[in-house]
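The values are calculated or read from the model by the stated rules, or taken from the named source; none is laboratory data. This structure is a prediction, so every number in the text was calculated from the model and none was measured. Here Cβ is always computed from backbone atoms with ideal geometry, including for glycine, and neighbour counts include all displayed protein chains.
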Amino acid sequence: MQITAKELQAKLSGPDQPVVLDVRTPQETQAEGIIAGAILIPLDQLPGRIKEVPADREIITVCKRGMRSVNAAQLLRQAGRKALSLVGGMDEWAALRLPIKR
């Protein structure tokens, strides 16, 4: 299950904002920036840190191109969370010139 960058942008400006979970490495997020308000948990740490991810809100997982975030969303769904993956990742977000926090 996936969501587009434009759909995510609309949700982030609405009343029921999802949690954005960025699963890239710290080096990637420092170099490329993040979506404002995102929680940063690298994919390899997610299984041990899943309790840090809110269970009562929709989760949108984000990575660079969209591959790791698919795996993260699947892991979260298996843990009972409502999770979607951002299609195209931060590359697509940046290509659409959507806001990036540096």
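Annotations for the structure displayed:
Here's the yes/no breakdown for (1) assigned to a helix (DSSP H, G or I); (2) within 16 Å of V87 (Cβ to Cβ); (3) under 11 Å from the mean Cα position of the chain (by Cα):
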position: Q9; (1), (2), (3): yes, yes, no
position: P15; (1), (2), (3): no, no, no
position: Q45; (1), (2), (3): yes, no, no
position: R49; (1), (2), (3): yes, no, no
position: A55; (1), (2), (3): no, no, no
position: T61; (1), (2), (3): no, yes, yes
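- Whether a residue is on the phi > 0 side of the Ramachandran plot and either among the hydrophobic types (A, V, I, L, M, F, W, C) or part of a loop (DSSP other than H, G, I, E, B) (or both) was assessed, and G80 passes this test.
- Only one of I59, I34 that is in contact (Cβ under 8 Å) with a residue 60 or more places away in the chain and crowded, with 19+ Cβ neighbours inside 10 Å: I34
Residues are listed down the side, and each one gets a yes or a no for (1) crowded, with 16+ Cβ neighbours inside 10 Å; (2) not polar (S, T, N, Q):
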{"position": "A38", "(1), (2)": "yes, yes"}
{"position": "R49", "(1), (2)": "no, yes"}
{"position": "N71", "(1), (2)": "no, no"}
{"position": "S85", "(1), (2)": "yes, no"}
{"position": "A95", "(1), (2)": "no, yes"}
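- Single unsatisfied condition, I35 versus (1) over 14 Å from K101 (Cβ atoms); (2) at pLDDT 95 or above; (3) of a type outside the set (S, T, N, Q): (1)
- Residues (surrounded by fewer than 20 Cβ atoms within 10 Å (Cβ to Cβ) and either in a helix (DSSP H, G or I) or in contact with a Ser or Thr (Cβ under 9 Å, 6 or more places away or on another chain) (or both)) located in region 17-28: P26, Q27, E28
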